[in-house]
Amino acid sequence: MGEVPVGAVVVLDDELIGEGYNQPIGGHDPTAHAEIVALRNAGQRMGNYRLPGVTLYVTLEPCTMCAGAMIHARVARLVYGAADPRTGAAGSVYDIVADKRHNHRIEVEGGLMGEESAEMLQAFFRARR
């Protein structure tokens, strides 16, 4: 599909309530990152823009846009695979999700299947060059 291979799921009480993958290129939508798509999907399913108690799992550490959306959605926990040393906003470059100036902070666990996630992303970019 030509999109950066990032996927995300939103889970509540061991139930999948939202899922998404990167689609900004195909959808002509700069906000269509995997996390945003998964949050939209979960919000529609739950009938609410607030998603307290959910865990969001994603292949790559979120950017500032996605981190901000997670704060507004009141995501309880973020689990990501590969760190993003250029634009990561969950501790690598920025720490938006834990900034005390926000009225909500997110518990973060990075590195889950991090090597596998990083290799998948690196292979994608190698193939594009």
Nearest 10 degrees, 0 to 90: helix 114-128 Cα axis against the chain principal axis: 50 degrees
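State in Å² the accessible area per residue of the chain; use a 1.4 Å probe, count heavy atoms of protein chains only, and round to the nearest integer. It would help to have the intermediate numbers written out before the result.
Details: 7350 Å² over 129 residues.
Per-residue accessible area for the chain comes out at 57 Å².
What percentage of the solvent-accessible surface of the chain, computed with a 1.4 Å probe over protein heavy atoms, is contributed by carbon and sulfur atoms?
Working: 3840 of 7350 Å².
Ligands and nucleic acids excluded, carbon and sulfur reach 52 percent.
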Kindly list the residues of the stretch 101-129 that lie in the label zone of Leu16, defined by a backbone N under 15 Å from the point 7 Å along the Cα-to-C-beta vector. none
Short version: ³J(HN,Hα) in whole Hz for each residue of the stretch 31-39, in order, from phi by Karplus 6.51 cos²θ - 1.76 cosθ + 1.60 (θ = phi - 60°), x for Gly and Pro, what are they? 8, 7, 6, 3, 5, 5, 4, 5, 5
Cβ neighbours within 10 Å, averaged per peptide: list 63-69, 78-84 in order, most packed at the top. 78-84, 63-69
Antiparallel content of DSSP bridges confined to the chain, in %, to 5: 55 percent
Could you give me the ³J(HN,Hα) list for the stretch 84-92, computed from phi with Karplus coefficients 6.51, -1.76, 1.60 and θ = phi - 60°, whole Hz, x at Gly and Pro? 10, x, 9, 10, x, 10, 10, x, 6
Give me the distance between the Cα centres of the stretch 53-80 and the stretch 92-115, rounded to whole Å. 8 Å
Packing-ranked peptide list from 116-125, 32-41, highest mean Cβ count within 10 angstrom first, is 32-41, 116-125
Helix axis angle, 64-73 relative to the chain longest principal axis, alpha carbon, degrees: 30 degrees
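For the chain, what mean projected area does the convex hull of the alpha carbons give, in nm²?
Details: hull surface 30.9 nm².
If you wrap the Cα atoms of the chain in a convex hull and average its projections, you get 7.7 nm².
The values are calculated or read from the model by the stated rules, or taken from the named source; none is laboratory data. Given the structure is predicted, the values throughout are model-derived calculations rather than measurements. Every residue, glycine as well, gets a Cβ built from its backbone with ideal geometry; the counts of neighbours run over all protein chains shown. These area figures cover heavy atoms from the full protein model, side chains too; ligands, DNA and RNA do not enter into them. Shrake-Rupley method; radii C 1.70, N 1.55, O 1.52, S 1.80 Å.
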